[in-house]
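All remarks here apply to the structure that follows.
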Amino acid sequence: MAESALYDLFWRNSELSAATLRGFGEEIEAYTGVGEAAPAALQYPGGDLPLHRPSDRQIKQMRRRASERRFAEAPLDARRLGAILAAFAVSDDGVRRPHGSAGATYPLEIYCLLNNCEGPAAGHVAYYNADNHSLAAVAELAPWAAIADAVNLDSAGTVPQLVVIFVLMPERVTAKYGERGGRFALIEVGHAAQNLALRLVQVRLVGCALGGMLDDRVKALLGLEGTSAQIALGYACGIAHSR
């Protein structure tokens, strides 16, 4: 089995907990780049060579992707819940997945907090089975007020109908690729998160990525305490709040 001690160290050093969250917030506030424009593109002596700019449906969906942290009070219906999670589903032939994975190791697993959803496993923490596009209830879900600090989302007093949590089982990929497998695992999360963002656009829902969840609290919420699972990313999803 390949060694991945440095990747494991990186993960431990970047974890967030109730004890480290304040310092993390202070670092963000102290960042001098806040409010500045995005960095300009790199410039080369040969100049820029214009390319054709497409206007097809896919590119329009990509441009409509945006981050939204405020959600309506209405529940998310079961049909659109299924449409969102189809972002991760194995194809009907049981072979192809909508995102790549290094060496077909697939370290990524998907969990859901069904805060305000209709249909399967409503009101539960649920595991999403990509093989047959289904949900399995893991545990009853506590009220949002009891878990919002663990998710670490400022939603202006609103509640996301659904929170998708990207969980890594790192040994699946590091056993083959060692330290480099840690990079591959995070790349896979990025692919899957973009798929989810585009599905939200398709079904006229909104959402935002959650990079500051409290690792151990969320692991406990998912029933994964005492395992090697890593909480890679969350994504709050739901119906847009009317302004």
**Complete:** With the charge dipole of the chain built from beta-carbon charges (+1 for Lys and Arg, -1 for Asp and Glu) about the Cα centre, the Cα from Leu113, Ser4, Gly190 projecting farthest to the positive end belongs to Gly190
**Prompt:** What spacing in nm lies between the two simple spin-label points modelled at His191 and Asp56, each 7 Å away from Cα in the Cβ direction?
**Reply:** 2.0 nm
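Summarise the accessible area of the chain (1.4 Å probe, protein heavy atoms) by the percent that is carbon and sulfur. Each step should come with its number before you reach the end.
Details: 7440 of 13900 Å².
So the carbon and sulfur contribution to the accessible surface is 54 percent.
Evaluate the charge dipole of segment 11-70 about its Cα centre and quote only its size in Debye, nearest 20, assuming +1 on the Cβ of each Lys and Arg and -1 on the Cβ of each Asp and Glu.
Values: 10 positive and 8 negative charges, 114 e Å.
Dipole size: approximately 540 debye.
Would you mind putting 44-57, 108-121, 84-97, 170-183 in packing order, based on average other-beta-carbon counts within 10 Å, highest first? Present the calculation step by step, with values, prior to reporting the outcome.
Numbers: 44-57: 6.5, 108-121: 21.4, 84-97: 14.9, 170-183: 18.9.
Sorting 44-57, 108-121, 84-97, 170-183 by mean packing, highest first, produces 108-121, 170-183, 84-97, 44-57.
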**Request:** Taking amide H positions as placed in the peptide plane 1.01 Å from N, state which residues far from Val138 in sequence (5 or more) or on other chains have amide H under 5 Å from it.
**Result:** Val125, Ala126, Tyr127
**Request:** Pop out the ³J(HN,Hα) list for segment 207-215 in order, Karplus 6.51 cos²θ - 1.76 cosθ + 1.60 with θ = phi - 60°, rounded to Hz; leave Gly and Pro as x.
**Result:** x, 7, 6, 10, x, x, 5, 7, 3
**Fill in**
In whole Hz, the Karplus estimates of ³J(HN,Hα) for segment 99-110 (6.51, -1.76, 1.60; θ = phi - 60°; x where Gly or Pro) are 9, x, 8, 4, x, 6, 7, 6, x, 8, 10, 10
**Message:** At q = 0.11, 0.12, 0.15, 0.19 Å⁻¹, what log₁₀ I(q)/I(0) does segment 79-174 have when each alpha carbon counts as one equal point scatterer in the Debye sum?
**Reply:** -0.37, -0.44, -0.66, -0.97
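Counting DSSP beta bridges in the chain, what percent are antiparallel, to the nearest 5? Don't skip to the end; give the middle numbers.
Numbers: 29 of 30 bridges.
Counting DSSP beta bridges with both partners in the chain, the antiparallel share is about 95 percent.
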**Item:** Values of log10 I(q)/I(0), in the order q = 0.16, 0.22 Å⁻¹, for segment 16-81 under a Debye, Cα-only, solvent-free model
**Value:** -1.04, -1.09
**Prompt:** Sequence-distant or interchain residues sharing an amide H contact under 5 Å with His241, placed H: which?
**Reply:** Arg70, Phe71, Ala72
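Counting heavy atoms of the protein chains only and a 1.4 Å probe, report the per residue accessible area for the chain as a whole number of Å². Spell out each step's value before the answer.
Working: 13900 Å² over 243 residues.
Heavy-atom SASA per residue in the chain reads 57 Å².
The values are calculated or read from the model by the stated rules, or taken from the named source; none is laboratory data. Given the structure is predicted, the values throughout are model-derived calculations rather than measurements. Note: ideal-geometry Cβ built from the backbone for every residue, glycine included; neighbour counts use all protein chains shown. Remember, those area values only see protein heavy atoms, side chains included, never the ligands or the DNA or RNA. Shrake-Rupley method; radii C 1.70, N 1.55, O 1.52, S 1.80 Å.
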